[in-house]
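The values are calculated or read from the model by the stated rules, or taken from the named source; none is laboratory data. In this text, all values refer to a predicted model and were calculated from it rather than measured experimentally. Here the Cβ is made from the backbone with ideal geometry for all residues, glycine too, and neighbour counts use every protein chain on show.
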Amino acid sequence: MHSHIFTNKNGNTLMREFEGVLSNNPTIKNLDAVVGFLRASGYFTLRPFLDNINKARLLVGINVMRWRDEFMKYR
């Protein structure tokens, strides 16, 4: 099993990394990814690249800081 860590360093973005890997490796059939932050618009941008993937599992961290800060006002 091969693994790789994508970062936003040197002008790369998560979408560019996924696009590069998935476009240039058509034999990938299963994908597990842990993503620190992904908006719905990012998912829909990524979605076409997942069409040939049999099983894709994305674990996404959700940015809850705004809601946490709002909640803390009332404590």
Name the single residue that is surrounded by the most Cβ atoms within 10 Å (Cβ to Cβ) among those in the range 15-42 being more than 14 Å from Leu59 (Cα to Cα) and of a type in the set (A, V, I, L, M).
Leu22
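Taking the condition at pLDDT below 80, surrounded by 10 or more Cβ atoms within 10 Å (Cβ to Cβ) and more than 10 Å from the chain's Cα centre (by Cα), does Phe71 pass?
Spelling it out, Phe71 is indeed at pLDDT below 80, surrounded by 10 or more Cβ atoms within 10 Å (Cβ to Cβ) and more than 10 Å from the chain's Cα centre (by Cα).
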Residue list for the range 28-68, filter: assigned to a helix (DSSP H, G or I) and either of a type in the set (Gly, Ala, Ser) or at pLDDT 70 or above (or both):
Ala40, Ser41, Gly42, Tyr43, Phe44, Thr45, Leu46, Arg47, Pro48, Phe49, Leu50
